[in-house]
Amino acid sequence: MNINQTVALVTGGGSGLGEATTRALAAKGGKVAILDLAKSQGAAIAQELGSNILFLEGDVTNEEQIAAAVDRAVAAFGAVHAVINCAGIATAGKTVGKNDQPLDLGPFKRTIEINLIGTFNVIRLAAARMVKNTLNAEVERGVIINTASVAAFDGQIGQVAYSASKGGVVGMTLPIARDLSQYGIRCCTIAPGIFETPMLMGLPDSARKALEASIPFPSRLGRPTEYAALVCHIIENPMLNGETIRLDGAIRMAQR
Ligand SMILES: NC(=O)c1ccc[n+]([C@@H]2O[C@H](COP(=O)([O-])OP(=O)(O)OC[C@H]3O[C@@H](n4cnc5c(N)ncnc54)[C@H](O)[C@@H]3O)[C@@H](O)[C@H]2O)c1
């Protein structure tokens, strides 16, 4: 898929990995609908990048808002060819925590709702539009790229909700690719290690250094541009499908 002929919907496009993806796609001539919360920087980024970039306010967990956002992206740009799911939250809490109390189900459910069900909500609504796209030269109609985490595989103490949500994203990657193969729509997932985004800002310097030391090579936090470069490659490479790719400098997270 040629990025300069691609319309992409980037959830969480107002910050971090999603923002870097929006900027990379825009630089390669793609059109991007940033889907993010009203309080995000999405509107400002769209305004900065010009008329090929649109900001759509929406919560990935809301069925009506996402259906309307897909409609607006199609109305503005004619189609949606790529969906990049970057919206997500990080939460922490042990199975049995403070004062030997069980973890509240509220935050656990919220994490699953945004990271897993929200991702699927966007996929199902966008894919139902993508099936109407005309085939490109590679006989493709679209591509879906999700964001899991290495925590899907090496969840640490306190990551039970986050790891469960990201494990779900990994688990649905192959069946979605299989479901959509008849339409020429691919689905891949990126499992990032530790990246330098607002999600990780606010960490004390000592904690950041310890994190960096735990990454074999390169021993530094990942750059959002490196995540965006992989998104661009997945869009452009029609043979990538049904797979989760770790992007992590060979980190295997310890239990804490
Ligand atoms: N930064 C890392 O080290 C890292 C590592 C592994 C995985 N990830 C995953 O990558 C994704 C992006 O992370 P990031 O570091 O860029 O985070 P970020 O906090 O910088 O950006 C997340 C964006 O998602 C948006 N968002 C949150 N909830 C939303 C909702 N319900 N509906 C719509 N938008 C919503 C936020 O407004 C924000 O703009 C997340 O899914 C995260 O779990 C990040």
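Please treat every number below as a calculation from the coordinates, not as lab data. The model shown is predicted, which means the values in this text are computed figures rather than measured ones. A quick note on method: Cβ atoms are made from the backbone with ideal geometry, for glycine too, and the neighbour counts reach across all protein chains shown.
A few notes on this one:
- Between 135, 163, 116, the Cα set farthest toward the positive side of the dipole of the stretch 93-174 (charges on each charged residue's Cβ, about the Cα centre) is that of 135.
- Each part gets one Cα centre, and for the stretch 183-256 versus the stretch 121-172 those centres are 15 Å apart.
- Max mean-square fluctuation residue, GNM over the chain, Cα-Cα springs under 10 Å, options 185, 215, 234: 215
- Per-residue ellipticity at 222 nm from helix content only, as computed over the chain with -39500 (n - 2.57) for each DSSP H run of at least four residues, stands at -12000 deg cm²/dmol.
- Length-normalised contact order for the chain - Cα pairs under 8 Å, 6+ apart - percent: 21 percent
- For the stretch 160-187, the residues whose amide N sits under 15 Å from a probe point set 7 Å from the Cα of residue 120 along the beta carbon direction are 164-180.
- GNM result for the chain, Cα springs below 10 Å: residue of 137, 33, 191 fluctuating most strongly: 137
- The share of C-alpha pairs in the chain whose separation exceeds 31 Å stands at 21 percent.
- The packing ranking of peptides 128-134, 143-149, 244-250, highest mean first, is 143-149, 244-250, 128-134, where packing means the average number of other beta carbon atoms within 10 angstrom of each residue.
- Rounded to the nearest 20 debye, the dipole size of the chain about its Cα centre is 260 debye, using +1 on the Cβ of Lys and Arg and -1 on the Cβ of Asp and Glu.
- Amide H to amide H, with H built 1.01 Å from N, residue 54 comes under 5 Å of 32, 33, 34, counting only residues 5 or more places away or on other chains.
- Among the listed pairs 39/98; 28/109; 166/209; 31/109; 31/209; 39/166, those beyond 27 Å (Cα-Cα): 39/98; 28/109; 31/109; 31/209
- Helix 160-180 axis versus longest C-alpha principal axis of the chain: approximately 30°, rounded to the nearest ten.
- Its relative contact order, with pairs defined as Cα atoms under 8 Å and 6+ residues apart, puts the stretch 121-256 at 31 percent.
- C-alpha long axis of helix 224-236 to longest principal axis of the chain, angle in °: 40 degrees
- Share antiparallel - DSSP beta bridges, the chain, percent rounded to 5: 5 percent
- Cα long-axis angle, helix 63-77 against the chain (0 to 90 degrees, to the nearest 10): 40 degrees
- In the elastic network of the chain, a GNM with C-alpha springs shorter than 10 Å, the most mobile of 225, 91, 11 is 91.
- In this structure, the amide hydrogen of residue 222, modeled 1.01 Å from its nitrogen in the peptide plane, lies closer than 5 angstrom to those of 194, 195, 196, counting only residues at least 5 positions away or on a different chain.
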